[in-house]
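So the structure is just underneath, and the comments pick up after that.
The values are calculated or read from the model by the stated rules, or taken from the named source; none is laboratory data. None of the values given here were measured: they were computed from a predicted structure. All Cβ positions, glycine included, derive from the backbone under ideal geometry; neighbour counts span all protein chains shown. Side chains are part of the model used for accessible areas, which takes the heavy atoms of the whole protein and leaves out ligands, DNA and RNA. Shrake-Rupley method; radii C 1.70, N 1.55, O 1.52, S 1.80 Å.
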Amino acid sequence: MLDATHDAALRSWVESANAPDSDFPVQNLPYGAFRRKGSDEPLRIGVAIGDQILDLKLARAQCPWGPGVDEWLAPLSEGQLKPLMAAPAATRRLMRSALSQALAEGSDQAPFLELCLLPQAQAEMAMPCAIGDYTDFFTGIHHATAVGKLFRPDNPLLPNYKWVPIAYHGRVSSLGVSPQAFVRPTGQSLPPGATEPRFGPSQRLDYELELGVFVGAGNALGEPMDMAQAEADWFGIVLLNDWSARDVQAWEYQPLGPFLAKSFATTISPWIVTREALEPFRAPFSRPAGDPQPLPYLDAPANRERGQIDIALQVLIQTEAMRAQGVAPAELSRSNFRDAYWSVAQMLAHHSSGGCNLQTGDLLGTGTQSGPLPGQGGSLLELSVGGKQPVALPGGETRSFLQDGDTLVLRAHCERAGARRIGFGECRGTVLPARAA
Ligand code: MN
């Protein structure tokens, strides 16, 4: 599965890509949609390299490309990522290989492609493609257990959890690309001790540290994907913040699950890190002793060997006061996607198992990724133990839940001996005050 594009020694002629802490070395090559900041140009597809973007519209026009590559560059140069997302794995590898060679040190395309770079600081990022459907899973068992304890102390993990990759259908219209600012939601909640609900701005606004998976070709209605198809059919991964109004959620979630508590905003990072780029960071999938094995439709040898992905995750916060004083964002927690209870392939296989058709560009949230230890919660609900133990921040502030002006930053990277570190960029969002009543 590994090829020359993963060679840790490979360097780029784009110097910033060679910095050891760059998220976007030549081994990464994530896709995103962008335009020049402040312009109303049509969106273009680009590839992040160091602190630059390779503009694929200009790149197609500036120099010749190898056999078979131009036909795939054509839709990309028109701002369309979906044809490549739906393409067979061999095509995705062909494009990765072409881009890797073009951006590698010593490339004879370099003199032409130098003219096709735009600094990321001068770009405005957009949704990488039109998303048809968004589904949010619940694969973080440590999150499910910790939150379950708060809602149901004697029955934290419901009996279906270890059998079914649980999910709900989310809202596409309120998905946004980092950096996103959104208005604090207003909703119905039942205050502690009250007998009747109130309606007003959420007082328990929270974030959720997640990843988002983009579907590749998808499946026809009534024709579920098996695990092998599911593993081959996801295109790539972004960071995802599933902003959540906990007071609204607690009152509305039974019996049909989250609704308005999560439909007001969801932020994703702009660069899709491809399945191919993540190859060196795959890890075995296993169940703890005593837990049930996945049912046969969710099991496959390849999933057991390498179903998981080692992605280190981090959440940071910068309050308005910190920003005013020039204090850098402070870390709230760290965790790893390797600890997820269900793999990406299992999410796709389960989603399609009843006959539901997944479509190119559909987005699947992984659910909050919390670590096993206290302090590794992927939400404030967990870190503050339901609001009872406020989290201390630099400068003496504390947080049980988010306040207006708070900015949350999600980051992720993959690291392994013998491989080049790659990163996801960041997923940044800021809470604006609720609309005046
Ligand atoms: Mn979620």
Query - Average Cα contact separation per residue, the range 226-354, under 8 Å, 6 or more apart, as relative contact order % - result: 26
Requested in this report: With the Cα gyration tensor of the range 114-234 in hand, convert its eigenvalues to equivalent ellipsoid semi-axes via √(5λ) and list them largest first in whole Å.
Outcome: 33, 26, 14
**Report entry** 1.4 Å probe accessible area per residue over the range 179-333, in Å²
**Finding:** 40
Query - Approximate spin-label separation SER286-ALA324, in nm, with each point projected 7 Å along Cα-to-Cβ - result: 5.3
Query raised in the report: Amide H to amide H, which residues 5 or more places from LEU211 or on other chains are under 5 Å from it, using H placed in the peptide plane?
Result: LEU240, THR366, GLY367
Report task. With the full set of protein chains in place, find how many percent of the accessible area of the chain is carbon and sulfur; take the probe as 1.4 Å. Result -> 55
Report summary line: Per 20 angstrom bin, beginning at 0 and ending with the bin that holds the maximum distance, the Cα pairs of the chain fall in percents of 26, 57, 17, 0
Report task. For every helix of n ≥ 4 consecutive DSSP H residues, a contribution of -39,500 (n - 2.57) applies; sum these over the chain, divide by its total residues, and give [θ] at 222 nm rounded to the nearest 500 deg cm²/dmol. Result -> -5000 deg cm²/dmol
Report summary line: Summing +1 per Lys or Arg and -1 per Asp or Glu among the other residues with Cβ less than 15 Å from LEU256's Cβ gives 0
Query raised in the report: Tell me, what HN-Hα J-couplings in whole Hz come from the Karplus equation 6.51 cos²θ - 1.76 cosθ + 1.60 at θ = phi - 60° for each residue of the range 166-179, using x for Gly and Pro?
Result: 5, 7, 9, 8, x, 10, 7, 4, 9, 6, x, 9, 4, x
Query - Inter-part distance where the range 2-23 and the range 116-192 are each reduced to a Cα centre, Å - result: 32
Report summary line: So MET1 and ALA417, fully extended at 0.36 nm per residue minus their Cα-Cα distance, gain in nm 148.1 nm
**Report entry** Residue-by-residue Karplus 3J(HN,Hα) for the range 118-129, coefficients 6.51, -1.76, 1.60, Hz, glycine and proline x
**Finding:** 10, x, 4, 5, 9, 10, 10, 8, 9, 3, x, 7
Query raised in the report: Among ALA17, ALA289, ALA90, which one moves the most in a GNM of the chain with springs linking Cα atoms closer than 10 Å?
Result: ALA289
Query - trypsin sites (Lys or Arg not before Pro) restricted to the range 1-92 and DSSP loop, no more than 13 other C-beta within 10 Å - result: LYS37
Report task. Report the far tail of the P(r) of the range 336-437, meaning the percent of Cα-Cα pairs longer than 18 Å. Result -> 67
Requested in this report: For an R0 of 30 angstrom, estimate the FRET efficiency from the Cβ-Cβ distance between LEU221 and ALA181 and round to the nearest 0.05.
Outcome: 0.20
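At a Förster distance of 41 Å, what's the computed FRET efficiency of ASP310 paired with ALA434, Cβ-Cβ distance as r, to 0.05?
Numbers: r = 39 Å, r/R0 = 0.96.
In this case the efficiency is close to 0.55.
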Requested in this report: Search the structure for amide H atoms under 5 Å from the amide H of GLY79, placed 1.01 Å from N in the peptide plane, and list their residues when 5 or more places away or on another chain.
Outcome: ILE45
Query raised in the report: Points 7 angstrom from Cα along the Cβ direction at HIS169 and LYS149: gap in nanometres?
Result: 3.4
Report summary line: Here the net charge surrounding HIS142, from other residues whose Cβ is less than 9 Å away from its Cβ (Lys, Arg +1; Asp, Glu -1), is -2
Report summary line: Binned at 5 Å from zero, the C-alpha pair distances of the range 53-119 give percents of 3, 17, 29, 28, 16, 6, 0
Query raised in the report: Taking a probe of 1.4 angstrom, what is the accessible area of SER353 in Å², to the nearest 10?
Result: 50
Query raised in the report: Given the options ALA121, ALA61, ALA146, which has the most mean-square fluctuation in a GNM of the chain, springs set between C-alpha atoms less than 10 angstrom apart?
Result: ALA121
Report task. Please give the FRET efficiency for ASP404 paired with ALA130, using the beta carbon to beta carbon distance and R0 = 35 Å, rounded to the nearest 0.05. Result -> 0.65
Query raised in the report: For ASN160 and ALA74 in one chain, what is 0.36 nm times their gap in residues minus the Cα-Cα distance, to one decimal in nm?
Result: 26.3 nm
Query raised in the report: Ordered by residue, what ³J(HN,Hα) values in Hz, to whole numbers, does the range 52-61 give under the Karplus form 6.51 cos²θ - 1.76 cosθ + 1.60, where θ = phi - 60° and Gly and Pro are x?
Result: 10, 10, 7, 7, 6, 5, 5, 4, 5, 7
